[in-house]
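A.B. asks: Sharing a structure here in structure tokens format.
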Amino acid sequence: MPIKKENRKRYPDNWAEISLDIRNNRANNKCEFCGAKNKKPHPITGSKVVLTVAHLDHTPENCHYDNLKALCQKCHLSYDAKHHAETRAKTKRDQLIASGQLSLFKTKF
């Protein structure tokens, strides 16, 4: 998955090399969850597979090989779904707090 500009500094300078090593050497150009082959049609979705490297703990600074997996788009998005939902909820809550509207949602019955 593309690295957001605001998160780029959280990755090590040699991230491209680490990512390439994980995808090509350890994973042999296959998704480490489902086995879909890089640059081939995905066996389920039919879309062209683009392997990415996921941080299993969602922390870009943690680049230990045990924390990294080469994943196809489907597996990466599925793996990150809960984390993305939690992040969206926190962002929404922070926006409500900043705008003074959170108290509207904390009505006591």
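A.B. asks: Exactly one condition in (1) charged (D, E, K, R); (2) surrounded by 12 or more Cβ atoms within 10 Å (Cβ to Cβ); (3) touching a residue at least 24 places away in the same chain (Cβ under 8 Å) is false for Lys37; which is it?
C.D. replies: Exception for Lys37: condition (3).
A.B. asks: Now a separate question. Would you check if Thr52 is modelled with pLDDT of 95 or more and of a type in the set (Ser, Thr, Tyr)? Step through it out loud before you land on a result.
C.D. replies: Numbers: modelled with pLDDT of 95 or more: yes; of a type in the set (Ser, Thr, Tyr): yes.
Here the answer is yes, as Thr52 does meet what is asked.
A.B. asks: Cβ-Cβ below 8 Å, separation at least six or inter-chain, first residue in segment 52-63 and farther than 21 Å from Lys74 by Cβ, second of a type in the set (A, V, I, L, M, F, W, C): which pairs?
C.D. replies: Between residues of segment 52-63 that are farther than 21 Å from Lys74 by Cβ and residues that are of a type in the set (A, V, I, L, M, F, W, C), the close pairs are Pro60/Ile3; Cys63/Trp15; Cys63/Ile18.
A.B. asks: A further question follows. For segment 65-106, what are the residues that are surrounded by 10 or more Cβ atoms within 10 Å (Cβ to Cβ), not in a helix (DSSP H, G or I) and not small (Gly, Ala, Ser)?
C.D. replies: Leu68, Lys69, Leu71, Cys72, Gln101
A.B. asks: Of the numbered conditions (1) of a type in the set (A, V, I, L, M, F, W, C); (2) loosely packed, with under 12 Cβ neighbours inside 10 Å; (3) in a helix (DSSP H, G or I), Ile44 fails exactly one; give the number of that condition.
C.D. replies: Going through the list (1) of a type in the set (A, V, I, L, M, F, W, C); (2) loosely packed, with under 12 Cβ neighbours inside 10 Å; (3) in a helix (DSSP H, G or I), Ile44 breaks only (3).
A.B. asks: Here's a follow-up. Scan (1) part of a strand (DSSP E or B); (2) out of contact with any Ser or Thr (no Cβ under 7 Å at 6 or more places or on another chain); (3) of a type in the set (Val, Ile, Thr) for the single condition Val53 breaks and write down its number.
C.D. replies: (2)
A.B. asks: Could you go through segment 47-65 and let me know if any residue there is of a type in the set (S, T, N, Q) and over 18 Å from Pro2 (Cα atoms).
C.D. replies: No: zero hits.
A.B. asks: Output the number of residues of segment 10-34 satisfying the condition of being over 18 Å from Lys74 (Cα atoms), touching a Pro at 6+ places or on another chain (Cβ under 9 Å) and either free of Cβ contacts under 8 Å to residues at least 24 places away in the same chain or not in a helix (DSSP H, G or I) (or both).
C.D. replies: Number satisfying all stated conditions: 2.
The values are calculated or read from the model by the stated rules, or taken from the named source; none is laboratory data. In this text, all values refer to a predicted model and were calculated from it rather than measured experimentally. Here Cβ is always computed from backbone atoms with ideal geometry, including for glycine, and neighbour counts include all displayed protein chains.
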